[in-house]
Amino acid sequence: MTKPIDSHDSDTNDTSNPHFSTVLEARMSRRNLLRGSMASAATAALGVVGLSGCGGSDPAPTTPPATQVPPVTPVPTPAPVEKLLAFSAVSKSLADMVTVPAGYTASVLIALGDPIVNGATAFKNDGSDADFDNRSGDHHDGMEFYGLSGTGTASNSSSDRGLLAINHEATTDEKLSSHFLHANGGTSSLPRPAAEVDREVAVHGLAVVEVKKTGNAWTYVKDSAFNRRVTPLTEVELSGPVRGNALAVTKYSANGTKTRGTLNNCGTGRTPWGSYLSGEENWAGYFVRSASDDAARNDKSVASLKRYGRNQGATSRHGWETGGADDKYARWDLSRKGASLDGSDDYRNELNALGYIIEMDPYDKTRALKKRTALGRYAHESAAFGPVVAGQPLAVYMGDDSRNEYIYKFVSSATWNAADAQANDRIAIGDKYLDAGKLYVAKFNADGSGAWVELAIANPAIATYAGYAFADQADVLVNARLAADAVGATKMDRPEWCSVNPKNGEIYYSLTNNSNRTIDASGSSLLVPDAANPRAYTDMKGASAQKGNPNGHILRMKEGSGAGAATAFTWDVYLFGAEATADSGTINLSALTADQDFSSPDGLAFSPYTGICWIQTDDGAYTDVTNCMMLAAIPGQVGDGAKATLNYTKAGGGAVAVDTFVGKKPTADTLKRFLVGPVGSEITGITETPDGKSMFINIQHPGETTALANIGDPTKYTSQWPSNAGYGAGKRPRSSTIVITKNDGGRIGT
Ligand code: FEO
Ligand code: CA
Ligand code: CA
């Protein structure tokens, strides 16, 4: 979701926790060519640069020399040396297209509404399609590729057939309704018609879609037996410490063991045993609470709801609770209505069933998904595993994406058995590693050190916390934000994705932006800059002043002794997002050039195959100059840069100096823009085939800046992608998965 206009990024952390300053991949896709009426028109319509190189760079066939007498030993042709980041940087762009470097091709693979079940009709894209639980969902986000052998079994080496597991985070909305799902844009007042609600609910959730490469073109397999949609109505299980807890009791599950669906799924994770993890992010905003619910409850749940962004009187994002009398609509209302003491007659506890990392076996659609409650409840993004070592516990790194929220780590109780990587019952292996362990939150110190603080009911700071009376460890996990408040965790500039560098195990976190950083902090949610979140400045977007840390940064951490189980770490800031022309002493601290500058890093993932660190943006700050983008990087390591001091002056006078640690500045060979997306889109989701030659990424919500009033006039859509790239019916913009290949058959990013 686009950032600065992101109403879904809540800020509910009004604790006085100290911050730093105080504690301180193949050729052109024939598929898309065929979609245009002729090749040249299609080329233009693809909206992709770099096609001129198509076929032109194929290596000449090696012809054996004519027989010579006497024969000579041929001198072998040296294998071409692969160089990472050898492509030419893509320029910033406001064009309504996907731009990739010369020599690369980007093709649309699957878009919102495409049928994924045999019998589902072709998507008309005019607001008349309905059966979205048989179609690709909306707002494609995090995504992972799972290989399939020729016989359809799981394969870690297949690079021409596999399953894409895809998060469908949300839908493009304005004033309750969803723009492009309904013929007229939908009903933007309450009550919402049931038929509209049903569509909107069904575009959320997850998908598994088989994809295959035929010749050099990727297509999805419409009638694959593997294809699956999980929606907010699919029954799923609660697993781990919260299962069966009083806090999880609802009218749907009187014993607190199950719930319906998953919602607002953002980042992902891939387990060492081959399952899919998905993070539930901005789920709270889908629920309402009555204006008098505090009194109706009159218990500690009020503090919990407030901390998770649902004050009494809160209205819902889409008004789904008004769809009708059916229980599937009633569950979106959190108000206490029933007379029961335990909540088994209403949905007062429904919010406690959301906010988890949920596990899915992408290869087996008969298996129920499980929410792994031991990893805590908050606005989850990705779940990244640290280095996997036999006999050692597993570490899973996670973030909570809201302003001023925290960075977390889960360490499994079970130690890794390499045989588990081959297990067929992946969900059972998930039970083993993800249902028991310790949850930690990060505290950053001004000297470049940091600590992981365990969130345990045994910790007196938690057990006796004045802000909330924790009953047990399950309560600590359900209310992880409150427990983290209690131990004084460091408030961060919106932790988005994280990823672990395969070279050295260091952990990278995108901190996307934070409009609440200010040297003149005087409100409870305003924070002074600290060492790990050191910038507070003004960036102009036209006449609009954007304050705080509008461009975000990328933090990295190195575990201390004990590796994944360490309780101490060191850190620095790998990169500061900035405009290339911004002041180098206070804003453009990483000295980004015009080929490198970016704002609001969000998706971040190291390729396990090439080692390249891919950085994706979801920005609203620099969008007067460029659409969102993806960059390729080859980072160094924690401590490879230098200390820097940022000097601030308070409004009323008074100097404040904030020390930070800036990673070694990138060069033209270590950081380069690789892709720029269509208008109004964010670039997100990234996964590759094991040969590193095909990369799948997602283009989310192109054209989201279109006003609802313009729904009847395609010429007024801010984007018509991917139809303007020759893909599909209609002009309405559609979130899509694209596949990127290199025309010379090389690996992506070379
Ligand atoms: Fe769904 Fe924090 O981005
Ligand atoms: Ca600007
Ligand atoms: Ca995100």
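The values are calculated or read from the model by the stated rules, or taken from the named source; none is laboratory data. Only a predicted model underlies this, so the values are computations on that prediction, with no experimental measurement involved. FYI the Cβ positions are ideal-geometry reconstructions off the backbone, even for glycines, and counts take in every protein chain you see. SASA here: full protein model, heavy atoms, side chains in, ligands and nucleic acids out. Shrake-Rupley method; radii C 1.70, N 1.55, O 1.52, S 1.80 Å.
Here are some notes:
- Distance between segment 616-641 and segment 288-327 - C-alpha centres, whole angstrom: 37 Å
- As a ratio to 2.2 N^0.38 Å, the alpha-carbon radius of gyration computed for the chain takes the value 0.92.
- For the chain, a crude dipole built from +1 on the beta carbon of Lys and Arg and -1 on the beta carbon of Asp and Glu, taken about the Cα centre, is about 620 debye to the nearest 20.
- Cα pair distances of segment 206-311 binned at 5 Å [whole percent]: 2, 9, 12, 17, 20, 13, 8, 6, 5, 4, 2, 1, 0
- Sulfur and carbon atoms: percent of accessible area, segment 407-488 [1.4 Å]: 53 percent
- Listed residue (I457, V476, S510) projecting farthest to the positive dipole end of segment 448-533, Cβ model: S510
- The distance from the alpha carbon centre of segment 406-470 to that of segment 681-728 is 36 Å, rounded to a whole number.
- The share of alpha-carbon pairs in segment 311-374 lying farther apart than 14 Å comes to 69%.
- Cα centroids of segment 97-136 and segment 509-542: 38 Å apart.
- Leading residue at positive end of dipole, the chain (Cβ point charges), from V249, Y433, F226: F226
- Of all DSSP beta bridges confined to segment 410-560, the antiparallel ones make up roughly 95%.
- Candidate aspartates and glutamates for bridging to K83, where Cα separation is under 12 Å - those fewer than 8 sequence places away on the same chain excluded: D669
- Percentage relative contact order, segment 558-715, counting C-alpha pairs under 8 Å, at least six apart: 20 percent
- The residues of segment 528-617 expose on average 27 square angstrom of accessible surface per residue, using a 1.4 Å probe on protein heavy atoms.
- Estimated Rh, segment 534-677: Kirkwood, alpha-carbon pairs, angstrom: 16.2 Å
- In straight-distance terms, cross-link reach from K693 covers every one of the aspartates and glutamates whose alpha-carbon lies under 12 Å from its own, apart from those fewer than eight places away in the same chain; here that gives E25, D160, D744.
- Segment 214-319 - charge dipole about Cα centre, Lys and Arg +1 at Cβ, Asp and Glu -1, debye rounded to 20: 80 debye
- Unit charges at the beta carbon, dipole of the chain: most positive-side option, L84, I166, T581: L84
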